[in-house]
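Report on one structure; see the data block that follows.
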Amino acid sequence: MRKGWNALRYSVGLVARVGRWRAAVWALSLILLQNVGLLGALISASLIDAIVERNEPRAVVLGISMALLLASVQVVLCLLLSFQPKVEEVVLARFDEELVATTLALPAHLHAAPEVQDRLEQLRQQRSAPHNLTYAALAFVSLAANLIVSVVLLGSFSLILLVLPLFGLPLIYARGKQTRSFINLQQEIAQDRRLALGLFRTSTSAAQADEVRLFGMGPTLISRWQTVRVRADHRADVVGVQTAVPVAAAEVFFGLGFIGALTLIVRQALRGEATTGDVLLLTSLAASLTRLLGGLAGISGWLGTVMGTVQRYLWLRERLVQHRAELTAEGELVPAPTALREGIRLVGVTHTYAGAERPALADVDLHLPAGATVALVGENGAGKSTLTALLLGLLDPSEGHVQVDDLPLRQIDPVAWNDATSVVLQDHAKFELVTQETVGIGLVPRIDDRPLVQAAVSRAAADSVVNDLPEGLDSPLGTSYGQGGRDLSGGQWQRLAVARGLMRETPLLLVMDEPTAALDAQAESELFSSYSAAARRAAGATGGITVLVSHRFSTVRSADLIVVLDQGRVVEQGNHGQLMALGGLYAELYDLQASGYR
Amino acid sequence: MPAQPTQQPTKLKPGDGLWLALRSAFTTAPALTTGTALCALVLAIEPVVFALATAHLVGSLPAAIEAGGVGEAADRVYRLLILACALFGFGRIIPTLQGTLAGRLGRRMNGELARRVMVACQTPVHLDHFDDPDVQAAISLVRDDTTGVGMPGTAISGFFGVIGPKLSGLGGVAVLASYSLLFGLGGLLVYVLLLVGMLRALILLAGTDVAARASFLPAEYLRTTALDVGPARELRVFGLSSWVRGRVGTNYLAAMRKLWRRRDAFVLGLAAALLVTTGGLGALLFNYLTREAATGQLSLTTFLAIFQACSLIVSVNINGEDLHAMHGAASMKAILELERLAAAAREKDDVPHPVALSPLAPEREVRFEGLRLRHSGADHDVLRGVDLVIPAGQRLALVGLNGAGKTTLATVLSGLRPPTGGRVLVDGVDLATVDPTLWQRRVAVLSQDFVHYPLSAYDNVGLGAPELIGDRAAVQEAAERAGAAGIISRLEGGWDAVLSPTLAGGIDLSGGQWQRIGLARALFAVAGGARVLVLDEPTSALDVRAEAALFRELIAMPSLQDITVVLISHRFSSVRQAGRIVVLDDGVVTEDGTHAELVAADGRYASLFAFQAALFNDTGDTGDTDDSGDLDDLAVQGA
């Protein structure tokens, strides 16, 4: 209950940010429109009575008011055509902002957690929830008010008419059940729908058209899709009929009640106990009961759904508050140092992912000296990515700590540490923006600085990529939202990702995770020669450390320090000469690769 | 139908496409459509009849009351009461029936149209079809959600829901006209103004999607990207939160503001016009009518009938449902356009008198003669005259720098793109004279971005040869050869494990594991009859040990003995094992021979190989990146 109230308060607050008076006008017009039928019924009843009583002046005044009422409803409806979507669009944009800000303020590992992912998935599909919740609450209140007034008017005429709403109870029940059934249905067939959509996209995608043709799998894909789709649609058909039958029956039941009420009213009028106007009024009041009751039932179901969605967002926000509290529990956060004197040190670091049985990293003690280029080597699953994530502050170790000079990383403001670091990932994002932005977001404050972006592109040996584009740095990239951009090859995307990582000229820590996997040997060497000059500059200026993860030993061997990981442990470390002399895992893997070139 | 250049299926015009969608509804489900339409018609007529019935009922009351509730006047009231009750009771069921039928119709139609889109996307034989911007635009309209508001089925189901009140309004006009032609004209004016004006406002509203596309879609893309897990690390390290916020919020609203001004201006004008016509005409009419009725010149029944008719006219309500109907109608046009383009492409690709290839072709060779390829819209050739003969059963490695045209050559070899110059001959037969679909099935490709199907591990391998998919032993064998059997047996659920993290109980594999599955799929295609196997960077995600072993094992595999294998790779330690190496440089073949021959020839290959080898040379100081930029120096050192 309290949670529901919070969700409503949050949503109304968001709507109020549209502007106080705008929000008020919006709310008032919605309430007015919901109740205009009642007002109209009251006026027309008096109008008919005035006509029957031959009271000309009164009839004329009421008649003209009725005409003006009908016209003003049209005017309000017309104004809402522009006003309503405006409110919705503003609320959407503000909610998007908050959702993005909250999500990105969560650390990466929390972002990926299933309980967060589930909620984000639902929020992504129901972004209008705060607007809808406010709307549903308003509609609920005005319908309820309308219903109460109608029932009171009916009862004041004849107490027997108070029975009529009871005839509507089955309708409320059937409608509520229908709404719930459809919500359950959505969940029940969500899996099939997602699968069907996945198969549909594969069959219609340009990128996957080659495989579909070469393997001749088109007809198979379509028949798989059809099976799933038909199954889901059939379920929806069945539920549709199953829930429609009780609703129709309840409608007929209410109809019987209405017929009884109408007969009662007419008989009373014929006995002289009611005026003609009364008959008109009571008839329209009784007829509107079905709309009011059905509407209330539908809206309460809807209200519950959208309230749940907003609550999911509030849960996310609470999770963030909790995370912040954990961060500052050990004292105030401090800014990142401007330069490294000694380096970064891992002290007794063990990290186990939630739900994993064995640690990804176990008991690691490691010193990365300031100004050094450090290579991480190991087979798939050795713990290299976990180690880099810990250094970047994207993960908090489950035991031990990371130390920047003599400062624990945990005490450094995460945002400041992010500003001091940079990264090139193997599974880098393909940001489908204008090329200048795709690179420039590596250093947002300088995103419009063309020479700087150009320089980063050159450092990444990506000039040829940019020169191949029709409009150079102004070319849009990708086609996923109809921006008409060029679709790049894997190697080209990777070089732009490297350029993005090199936007920051003197980071304290630069992590490059397989930055050349998709590149040929020449491009790889161009990259490393142009890049290493920059790295040395950074090392000289700020003592910045470069951490390189690579399967290519030809590149690894030139690092100042090579760290060999195996099953989450550091098994060897030293420079190339030392490790070869040691004759361990490094030497074995190196020889294996080198033998291909002898 | 003549071809129209660059259509814009996203542009909305009322009624445009709606007719086509209606026709499609009738052909897809004639009975269901007729039933839904009949319900809509009843729903349109019922309010008019009910309004007239109550007008007569209430109009007859005063006389009956005066007569003391008995006699002819009272009997008339009872008769009318029974009519009104029957109408009301009958009318109860129709909306529910209509909703059920319309929902069913919408689903049926959406399903059928989605299937037609899939067929249309698969009909064209060649990939160039997807380069066409018209094709891309049409697909993007229906790709996002094949059940939702953008689809014609949803539009038609909504259309039958919203058409009722509009027809009732017209009924109101008719009632007015039956009393006085002048009243009828006035009613018609208000009706048309309401309908046309509000529809026009709604189209302006829908302009959100078209006019503000430039700012709207990037904002949407960024929002989705920001909430995705994939780029989560980069977004945080680069501190992109506030930048993305600005894009999805402030920038988006700034762009929307322009649209709002246009919308507001129109809506204000319309509101003023409505106030003057509806309010003015209404006040005049009601002033006249109430006077007449109150002085007894006009019967109460007539007054009420006119009164109710006016209410029906102004109940012509336009809302979001109408917008959905229009949206879906637009996508109907896109689907038909897609089918037209697909049929045209198919006609173009059709080989008039296809030459039959032996089922074992290539038995002798695949020959490229002066092969050229230029992508549509590009200003230069990617392949600039490739001459190459690949004897059947050969293991050939294709090397070259990024962008040399290796992958493009593979798509031409597999018949996915017809060359824009020169020919491909298989056992002396020009591929242009062979049914392209038959040749495509002869080539199995493991591409760099092979598909991760959201299906079971079994299907992910088995789809390599759909007609053999029931053969469990063959699927198992392909997986074993590819080194994927161990990975699959360790999965929870084994072969039945669903390989998609977004489906309940689904599993995601690592890049290296996926690469094994992809290889198994390609090997299964060979088991299904493919005679040429193309492996495009098959080891990029594998670690050192796996990489070193893979190609050696593939070469030795007995089942691949007569198969022509083309390996594309940057890793020279793998490449050198091939019996023949071809160097592609800027779209032409520059070198061709065995590893030993090419090293001896001291050309491009030798320098590239030496360059990579030198990095492992312990005597040289080539590990120092200062010198490594100069390729020629290194080549000398390496040789």
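The values are calculated or read from the model by the stated rules, or taken from the named source; none is laboratory data. Note that this is a predicted model, so its numbers are computed, not measured. Here the Cβ is made from the backbone with ideal geometry for all residues, glycine too, and neighbour counts use every protein chain on show.
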key: Among the candidates B:Thr100, B:Thr96, B:Thr34, residue that is free of Cβ contacts under 8 Å to residues at least 24 places away in the same chain, more than 10 Å from chain A (Cβ to nearest Cβ) and part of a helix (DSSP H, G or I)   = B:Thr34
note = Among residues of the stretch A:418-436 being in contact with a Leu (Cβ under 7 Å, 6 or more places away or on another chain) and assigned to a helix (DSSP H, G or I), the residue nearest to the other protein chains (Cβ to nearest Cβ) is A:Ala420
note = Cβ pairs under 7 Å, 6+ apart or interchain, first in the stretch B:264-288 and over 16 Å from A:Ala67 (Cα atoms), second of a type in the set (Gly, Ala, Ser), ordered by first then second residue, are B:Asp264/A:Ser82; B:Phe266/B:Ala201; B:Val267/A:Ser82; B:Val267/B:Ala201; B:Leu270/B:Gly197; B:Leu270/B:Ala201
request  = Take the residues in the stretch B:280-329 that are of a type in the set (Ser, Thr, Tyr) and not in a helix (DSSP H, G or I), then tell me which one is nearest to the other protein chains (Cβ to nearest Cβ).
outcome  = B:Thr295
request  = Please state which one of A:Val466, A:Val453 is in contact (Cβ under 8 Å) with a residue 40 or more places away in the chain, more than 12 Å from chain B (Cβ to nearest Cβ) and touching a Leu at 6+ places or on another chain (Cβ under 7 Å).
outcome  = A:Val453
message = Out of everything in the stretch A:366-380 that is under 36 Å from the mean Cα position of the chain (by Cα), in contact (Cβ under 8 Å) with a residue 60 or more places away in the chain and in a loop (DSSP other than H, G, I, E, B), what residue ends up being nearest to A:Arg569 (Cα to Cα)?
response = A:Gly378
key: Options A:Ala539, A:Ala499: the member that is of a type in the set (A, V, I, L, M, F, W, C), more than 9 Å from every other protein chain (Cβ to nearest Cβ) and closer than 17 Å to B:Val237 by Cβ   = A:Ala499
Qualifying positions in the stretch B:544-593 - more than 19 Å from A:Asp520 (Cβ to Cβ), in a strand (DSSP E or B) and touching an Asp or Glu at 6+ places or on another chain (Cβ under 8 Å) = B:Arg580
query = surrounded by 20 or more Cβ atoms within 10 Å (Cβ to Cβ), outside any loop (DSSP other than H, G, I, E, B) and small (Gly, Ala, Ser), is that true of A:Ala24?
reply = no
Number of the exception - B:Gly529 against (1) in contact (Cβ under 8 Å) with a residue 40 or more places away in the chain; (2) on the phi < 0 side of the Ramachandran plot = (2)
request  = From the list A:Thr283, A:Thr220, A:Thr263, pick out the single residue that is closer than 30 Å to B:Val117 by Cβ and in a helix (DSSP H, G or I).
outcome  = A:Thr220
request  = Sort out which residues of the stretch B:67-90 are at the interface with another protein chain (Cβ under 8 Å from one of its Cβ atoms) and of a type in the set (Gly, Ala, Ser), and write them in order of number.
outcome  = B:Gly68, B:Gly69, B:Ala74, B:Ala84, B:Gly89
task = Tally the residues that are among the basic types (Lys, Arg), surrounded by fewer than 19 Cβ atoms within 10 Å (Cβ to Cβ) and assigned to a helix (DSSP H, G or I), restricting the search to the stretch A:53-111.
result = 1
key: Criterion violated by B:Ala294 - all others in (1) of a type outside the set (S, T, N, Q); (2) more than 54 Å from the chain's Cα centre (by Cα); (3) surrounded by fewer than 22 Cβ atoms within 10 Å (Cβ to Cβ) satisfied   = (3)
query = Can you name every residue in the stretch B:595-608 that is more than 7 Å from chain A (Cβ to nearest Cβ) and either assigned to a helix (DSSP H, G or I) or under 47 Å from the mean Cα position of the chain (by Cα) (or both)?
reply = B:His595, B:Ala596, B:Glu597, B:Leu598, B:Val599, B:Ala600, B:Ala601, B:Arg604, B:Tyr605, B:Ala606, B:Ser607
request  = Could you please find all residues in the stretch A:267-300 being of a type in the set (Gly, Ala, Ser), more than 11 Å from chain B (Cβ to nearest Cβ) and crowded, with 19+ Cβ neighbours inside 10 Å?
outcome  = A:Gly295, A:Ala297
remark   = Flagged in the stretch A:469-496 as buried (at least 17 other Cβ atoms within 10 Å of the Cβ) and away from chain B (no Cβ under 13 Å), in numbering order, are A:Leu473, A:Ser475
ask   = Regarding B:Arg545, is this residue of a type in the set (Lys, Arg), free of Cβ contacts under 8 Å to residues at least 40 places away in the same chain and away from chain A (no Cβ under 11 Å)?
value = no
ask   = Got a sec? Which of A:Ser300, A:Ser284 is among the hydroxyl-bearing types (Ser, Thr, Tyr), in contact (Cβ under 8 Å) with a residue 60 or more places away in the chain and more than 15 Å from A:Arg175 (Cβ to Cβ)?
value = A:Ser284
task = Only residues that are within 23 Å of A:Leu473 (Cα to Cα), touching a helix residue (DSSP H, G or I) at 6+ places or on another chain (Cβ under 9 Å) and part of a helix (DSSP H, G or I): list them for the stretch A:494-525, please.
result = A:Arg495, A:Leu496, A:Ala497, A:Val498, A:Ala499, A:Arg500, A:Gly501, A:Ala523, A:Glu524
task = Would you please list the contacts, defined by Cβ atoms under 6 Å and residues six or more apart or on different chains, that run from a residue in the stretch A:259-275 that is in contact (Cβ under 8 Å) with a residue 40 or more places away in the chain to a residue that is part of a helix (DSSP H, G or I) and acidic (Asp, Glu)?
result = A:Thr275/A:Asp49
Subset of the stretch A:243-253 (residues that are more than 7 Å from chain B (Cβ to nearest Cβ) and either within 12 Å of A:Arg175 (Cα to Cα) or surrounded by 20 or more Cβ atoms within 10 Å (Cβ to Cβ) (or both)) = A:Thr243, A:Val245, A:Pro246, A:Ala249, A:Ala250
task = With respect to A:Leu30, determine if the residue is part of a helix (DSSP H, G or I) and more than 7 Å from chain B (Cβ to nearest Cβ).
result = yes
query = What number of residues within the stretch A:140-186 satisfy the criterion of being under 32 Å from the mean Cα position of the chain (by Cα) and either closer than 19 Å to B:Pro95 by Cβ or at pLDDT below 90 (or both)?
reply = 12
Test: residue in the stretch B:581-592 that is touching a Phe, Trp or Tyr at 6+ places or on another chain (Cβ under 6 Å), in contact (Cβ under 8 Å) with a residue 24 or more places away in the chain and surrounded by 21 or more Cβ atoms within 10 Å (Cβ to Cβ) = yes
task = Go through B:Ala137, B:Ala73, B:Ala84 for me and flag whichever is surrounded by 18 or more Cβ atoms within 10 Å (Cβ to Cβ) and under 30 Å from B:Thr411 (Cβ atoms).
result = B:Ala137
